[in-house]
Amino acid sequence: KDMRWKANDPRWEDLDVETAWDRYIKTAVAHYKGGYVVYEIENEPELDRWDKYRDEYAKFTIRTARLIKKTDPKARVMVDNVYGIPSGLNRHLLQKGGAKYIDIFSWHDYHEGWLADAAAMKRMWARLDELGGKHIEIWFNEGWAYTNTAVDEPIACTRLTSSQSTNAMVCSIAELTVVGQEKTIIFHTGYPKHGMSFWDYSGPGTMLWDWYSYPMPLAAAWNTMAHHIGVSD
């Protein structure tokens with residue numbers, strides 16, 4: 001509440017002014033300094049009603065990125081995006097000079113079949129280049145593991161069979177990697193119980209293991225792919 005400034009307020013630019021948020025950011029970054037950490041400032045901001053506050057969004061994001069890099073010059077800053085990069089909100093951020101402080105754009109998408117193809121990724125790169133973000137990496141880091149389970153009870157959020165959905169995911173990731181997507185992260189691998197997450201309410205289709213602890217075809221395919229692109233033994 002000590003940071004609800006209008007977009008033209010000079011305090012956005014003044015890092016000598018310290019808010020509660022600033023203290024949190026500096027403390028967190030100092031704690032992890034020297035480690036391989038990426039700081040993602042926002043999660044799906046397009047869904048959080050920033051439309052009337054696009055300028056404030058840009059100021060907030062830029063200030064936070066500056067604080068992170070001031071505390072740890074080697075830190076990497078990520079901004080998230082729903083669907084294709086950049087969204088209207090993040091386009092505004094880049095137009096306001098945000099590209100200078102952002103190292104990575106991540107994106108989220110939930111649907112069956114292919115995530116995206118080479119043409120879509122090239123469009124994302126072109127848009128970033130136009131907005132001064134030629135140096136920015138693109139990562140996918142949440143979503144999209146719809147595949148039917150071994151028992152199909154209940155049916156997952158897809159019309160595809162397990163083998164069809166697994167094949168689509170592997171082909172899509174391979175093509176996106178070839179055209180330069182730096183990382184493709186399946187959201188579910190961040191959870192300790194067989195990749196189950198709070199998305200379980202959507203049914204087994206959003207998990208890597210079914211409700212009976214049997215792995216989906218995607219688990220084996222993912223491990224094989226990770227091995228062949230050299231990121232895991």
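The values are calculated or read from the model by the stated rules, or taken from the named source; none is laboratory data. Treat the numbers as computed from the prediction; the structure is a model and nothing was measured. As a convention, Cβ positions derive from the backbone with ideal geometry for all residues, glycine included, and neighbour counts pool all protein chains shown. Heads up: the accessible areas ignore ligands, DNA and RNA and are worked out on the full protein's heavy atoms, side chains in. Shrake-Rupley method; radii C 1.70, N 1.55, O 1.52, S 1.80 Å.
Computed values, structure above
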{"read-out": "Spacing of the two label points (7 Å from each Cα toward its C-beta) at Asp2 and Ala174, in nm", "value": "5.5"}
{"read-out": "The stretch 12-148, dipole about Cα centre (Lys/Arg Cβ +1, Asp/Glu Cβ -1), debye to the nearest 20", "value": "520"}
{"read-out": "Nearest-20 debye value, the stretch 1-60 charge dipole, Cβ charges on Lys, Arg, Asp, Glu", "value": "160"}
{"read-out": "Relative contact order (%) - criterion: Cα under 8 Å, at least six apart; region: the stretch 1-160", "value": "20"}
{"read-out": "Label-point separation in nm, Lys33 to Lys100, each point 7 Å along Cα→Cβ", "value": "2.3"}
{"read-out": "Long-range amide H partners of Glu137 with built H, under 5 Å", "value": "Ile104, Phe105"}
{"read-out": "Within the accessible area of the stretch 53-106 (1.4 Å probe), percent carbon and sulfur", "value": "49"}
{"read-out": "Mean Cβ count within 10 Å, highest first, over the residues of peptides 159-170, 93-104, 39-50", "value": "93-104, 159-170, 39-50"}
